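The values are calculated or read from the model by the stated rules, or taken from the named source; none is laboratory data. Quantities reported herein were computed from a predicted structural model and do not represent experimental measurements. Note that we place each Cβ from the backbone using ideal geometry, even for glycine, and neighbour counts take in every protein chain shown. Heads up: the accessible areas ignore ligands, DNA and RNA and are worked out on the full protein's heavy atoms, side chains in. Shrake-Rupley method; radii C 1.70, N 1.55, O 1.52, S 1.80 Å.
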Amino acid sequence: MRISMQQAADMLLKNDNILILAHASPDGDTLGSSYALCQALQILGKNARVQCQDEIPDCYRFIVDGVKEMEFEPEFYVTVDVAALELLGTPEYYNELRGKINLSIDHHVTNTGYADFTCIEDGDIAAAAAETVLQIIRMMETPIDREIAEGIYVGLATDTGCFRYANTTSRTMRMAADMIDCKIDLKFINKTIFETRTKTYHALETMALHEMSITDDGEIAILVVTREMFEKSGSKESEFHPLKSIPRQIEGVKVGITMRESDKDTYRVAIRTNDGINASHIAAHFGGGGHPGAAGCTVHGKAKDITDEFIRVIREEMVRQGK
Ligand SMILES: [Mn+2]
């Protein structure tokens, strides 16, 4: 059932022993929003902690560090920035959580409604789950400390590509400005997230770029990242995220695809689009979802076959969408 942000705030205020779940291969939004919410609940005197099946990328460690670790038996389960139960992790992990999720706070219009209650702002107006979480925190009347502000800022900044993507609104910027007023270390945060690359990521990117393919008309660019590339570069899978925005950055490219081999013949695919082409419609063909400019799905098969299928579906969608 869909509920308002006020109802979500009231529900959190009424409950205790709250387990907050972030999605697998965590990004800045799921982590920043989850830890901001966790900190807010702890300030209100509740037991709360964040759980994520995958390891937290080093560049986001600072979000975790300031928040107290608490042990307790969970009574209320909240997901943040998780559009589908399957995105929580492996089948063993998410099946254990199936039917237990009380509240989903999200900004994906494609949210599958797996939780008892789902809180999403109408339309695609929240650039990040952090926007919705901040409003809920304000409704709970929690004072916003530096830890909360850091988490919210990271969520806003990462989901908007540091306030560059089309999902950025004046509200996003106002919220970020409010967080900066809470004395976060802006220089350190931006440098850590956007200006620092590990040597292993750099090696991975070099290998992947070398293999990038672009269709003859220059409209579709595809980057395939194999398990072999991860092994050779020594890069962790958690460092992979920045690669997803690279194909779309090439002049003339309308759709950028990044395929990460997560298992043999299994690829996690990130779709990024320009020119108003709806990425979530493309992802939907493959059982995935997301936002107009950024979506994802999981596909099984050989890389070459998947690539061909994507090109076919993208062309069809471009015609259908009149682009
Ligand atoms: Mn998000």
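Would it be correct to say that THR132 is within 17 Å of the chain's Cα centre (by Cα) and over 25 Å from ILE43 (Cα atoms)? So THR132 fails the test. Evaluating ILE311 against the criteria (1) aliphatic (A, V, I, L, M); (2) touching a helix residue (DSSP H, G or I) at 6+ places or on another chain (Cβ under 7 Å); (3) open to solvent by 20 Å² or more (accessible area, probe 1.4 Å) leaves one unmet condition, (2).
Test GLU150 against the stated conditions and say whether it is charged (D, E, K, R) and without any contact (Cβ under 8 Å) to a residue 60 or more places away in the chain. No. Looking at this structure, is ALA83 in contact (Cβ under 8 Å) with a residue 24 or more places away in the chain, in contact with a His (Cβ under 6 Å, 6 or more places away or on another chain) and within 15 Å of the ligand (Cβ to nearest atom)? So ALA83 fits the description; yes. Residues that are within 16 Å of the ligand (Cβ to nearest atom) and either closer than 19 Å to PHE163 by Cα or in contact (Cβ under 8 Å) with a residue 40 or more places away in the chain (or both) within the stretch 91-105 comprise just one, ILE105. If you go through the stretch 81-90 one residue at a time, do you hit one that is acidic (Asp, Glu), open to solvent by 10 Å² or more (accessible area, probe 1.4 Å) and either assigned to a loop (DSSP other than H, G, I, E, B) or closer than 25 Å to GLN7 by Cβ (or both)? No; the residues of the stretch 81-90 include none that is acidic (Asp, Glu), open to solvent by 10 Å² or more (accessible area, probe 1.4 Å) and either assigned to a loop (DSSP other than H, G, I, E, B) or closer than 25 Å to GLN7 by Cβ (or both). Against the conditions (1) in the same structural domain as ILE271 (by TED's automatic domain parsing); (2) over 20 Å from GLY256 (Cα atoms); (3) hydrophobic (A, V, I, L, M, F, W, C), MET173 satisfies every one except (1). When the stretch 21-63 is filtered for residues that are without any contact (Cβ under 8 Å) to a residue 60 or more places away in the chain, open to solvent by 20 Å² or more (accessible area, probe 1.4 Å) and not charged (D, E, K, R), the ones remaining, listed by number, are GLN42, GLY45, ASN47, VAL50, GLN51, CYS52, GLN53.
Across the stretch 16-50, the qualifying residues are those that are out of contact with any Leu (no Cβ under 9 Å at 6 or more places or on another chain), away from the ligand (no atom under 16 Å from the Cβ) and assigned to a loop (DSSP other than H, G, I, E, B), and the one among them that is farthest from THR172 (Cα to Cα) is ASN17.
Scanning for something buried (at least 20 other Cβ atoms within 10 Å of the Cβ), away from the ligand (no atom under 12 Å from the Cβ) and aromatic (Phe, Trp, Tyr), does the stretch 117-135 turn up at least one residue? There is no residue in the stretch 117-135 that is buried (at least 20 other Cβ atoms within 10 Å of the Cβ), away from the ligand (no atom under 12 Å from the Cβ) and aromatic (Phe, Trp, Tyr).
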